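Colleague: Have a look at this one before I ask anything.
The values are calculated or read from the model by the stated rules, or taken from the named source; none is laboratory data. Just so you know, these numbers come straight off a predicted model, no measurement behind them. So basically every Cβ, Gly included, is an ideal-geometry build from the backbone, and we count neighbours across all protein chains shown.
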């Protein structure tokens, strides 16, 4: 569900930004507004970003091979990180430079009504894109806050589109304020100030995205709740006395690697241990369907069940 929902959100954002970019460039040609130019470049960057996210999703679907035996799921994380770099460089830095230049060398806004109409239309289109991203995110967000969802979700496309659309709506507000104040006061520097505000906003959003996607790119473990369910599934049967230690890693948003050392009975035969491991793997997959790759290593129990020193997650016991 998350993969399909992510694709819907990305496609909706791409269609909206493509149409918005064309109208903004046309409006810039009429008005000469630097805020309008910054917003047009911002929309071009966003359109390219959505293309990168779709490319990442397509490449991540490739089957594993001899060179990448765990598959290509990290492609989604990589392209989401590239998006943050594009947003920073193409969108944010361009707007900052343009804003500073227009503050130092103000230029009168021509045909301000055209700018206002185009910006208002852009608000409508961006709002539709934002609504799609929000609705798809709600399906997997659960009870957590939006801030927590952006920080903890393993699906990179949804927070990227959510933050991009939020930045786009705020940027449009800055552009409207800049153009409006420039016309009302006759001081064209307000247009440059609006452009500078858009640039600073985009740089901030790009920084947040880069931090969150970098964490996914270098490898994140399953959430605490998911790890608890895995341990409960392992110890639910008589074959496993306890979990000595466990490691998890997201190979993709919907693919989890689980490696655990489990304590088995001293007098179990090899055949009994093998049957027990197979049963434990089935329980894990039933409890956590995204656990696609599971490695269980049997060992003898050195600590009694209930020992306070027993820590399944993060224990370095060999």
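Let's see how each residue does on (1) modelled with pLDDT of 90 or more; (2) under 21 Å from residue 40 (Cα atoms); (3) in contact with a helix residue (DSSP H, G or I) (Cβ under 9 Å, 6 or more places away or on another chain); (4) assigned to a helix (DSSP H, G or I):
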residue	(1), (2), (3), (4)
155	no, no, yes, no
158	no, no, yes, yes
165	no, yes, yes, yes
200	yes, yes, yes, yes
256	yes, no, yes, no
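Colleague: For the range 233-254, which positions are assigned to a strand (DSSP E or B) and farther than 25 Å from residue 140 by Cβ?
Modeller: Quick first cut of the range 233-254, residues assigned to a strand (DSSP E or B) only: 242-252.
Scanning the range 233-254 gives 242, 243, 244, 245.
Colleague: Given (1) farther than 30 Å from residue 250 by Cα; (2) not in a loop (DSSP other than H, G, I, E, B), identify the lone condition not met by residue 107.
Modeller: For residue 107, the exception is condition (2).
Colleague: Can you confirm whether residue 55 is closer than 21 Å to residue 90 by Cα and within 20 Å of the chain's Cα centre (by Cα)? Walk me through it before giving the result.
Modeller: Numbers: closer than 21 Å to residue 90 by Cα: yes; within 20 Å of the chain's Cα centre (by Cα): yes.
Taking the combined requirement at face value, the residue satisfies it.
Colleague: Please determine whether any residue of the range 88-102 is modelled with pLDDT under 85 and surrounded by fewer than 17 Cβ atoms within 10 Å (Cβ to Cβ).
Modeller: Among the residues of the range 88-102, at least one is modelled with pLDDT under 85 and surrounded by fewer than 17 Cβ atoms within 10 Å (Cβ to Cβ), which makes the answer yes.
Colleague: Take residue 120 and decide whether it is part of a helix (DSSP H, G or I) and surrounded by 21 or more Cβ atoms within 10 Å (Cβ to Cβ).
Modeller: Details: part of a helix (DSSP H, G or I): yes; surrounded by 21 or more Cβ atoms within 10 Å (Cβ to Cβ): no.
So residue 120 does not fit the description; no.
Colleague: Among 12, 38, 21, which is the only one that is in a helix (DSSP H, G or I), within 26 Å of residue 100 (Cβ to Cβ) and modelled with pLDDT under 85?
Modeller: Values: 12 fails: within 26 Å of residue 100 (Cβ to Cβ); 21 fails: modelled with pLDDT under 85.
The conditions single out 38.
Colleague: With the requirement that a residue be touching a residue at least 60 places away in the same chain (Cβ under 8 Å) and under 26 Å from the mean Cα position of the chain (by Cα), what does the range 16-44 give you?
Modeller: Let us first name the residues in the range 16-44 that are touching a residue at least 60 places away in the same chain (Cβ under 8 Å), namely 16-17, 19-20, 23-24, 26-27, 30-39, 42-43.
Of everything in the range 16-44, those that are touching a residue at least 60 places away in the same chain (Cβ under 8 Å) and under 26 Å from the mean Cα position of the chain (by Cα) turn out to be 16, 17, 19, 20, 38, 39, 42, 43.
Colleague: Considering only residues that are within 13 Å of residue 247 (Cβ to Cβ) and modelled with pLDDT under 90, look in the range 282-317 and name the one that is surrounded by the fewest Cβ atoms within 10 Å (Cβ to Cβ). Step through it out loud before you land on a result.
Modeller: Start the filter on the range 282-317 by keeping residues that are within 13 Å of residue 247 (Cβ to Cβ), which leaves 291, 293-297, 311-317.
Imposing the further condition that a residue be modelled with pLDDT under 90 reduces the set to 311-317.
Values: 311: 14, 312: 20, 313: 17, 314: 10, 315: 16, 316: 6, 317: 13.
This residue is 316.
Colleague: Is it the case that some residue within the range 89-96 is more than 24 Å from residue 222 (Cα to Cα) and out of contact with any helix residue (DSSP H, G or I) (no Cβ under 9 Å at 6 or more places or on another chain)? Give the steps one after another, and end with the answer.
Modeller: Step one: of the range 89-96, the residues more than 24 Å from residue 222 (Cα to Cα) are 89-96.
Narrowing the set further to residues that are out of contact with any helix residue (DSSP H, G or I) (no Cβ under 9 Å at 6 or more places or on another chain) leaves none.
No, there is no match, as no residue in the range 89-96 is more than 24 Å from residue 222 (Cα to Cα) and out of contact with any helix residue (DSSP H, G or I) (no Cβ under 9 Å at 6 or more places or on another chain).
Colleague: Among the residues of the range 172-186, is there at least one that is farther than 26 Å from residue 75 by Cα and outside any helix (DSSP H, G or I)?
Modeller: Taking the range 172-186 and keeping what is farther than 26 Å from residue 75 by Cα, we get 172-186.
Subsequent filtering for residues that are outside any helix (DSSP H, G or I) retains 186.
Among the residues of the range 172-186, at least one is farther than 26 Å from residue 75 by Cα and outside any helix (DSSP H, G or I), which makes the answer yes.
Colleague: Please work out if residue 131 is free of Cβ contacts under 8 Å to residues at least 24 places away in the same chain, surrounded by fewer than 23 Cβ atoms within 10 Å (Cβ to Cβ) and under 18 Å from residue 16 (Cα atoms). Give the derivation first.
Modeller: On the way: free of Cβ contacts under 8 Å to residues at least 24 places away in the same chain: yes; surrounded by fewer than 23 Cβ atoms within 10 Å (Cβ to Cβ): yes; under 18 Å from residue 16 (Cα atoms): yes.
Yes; evaluated as a whole, the condition is true for this residue.
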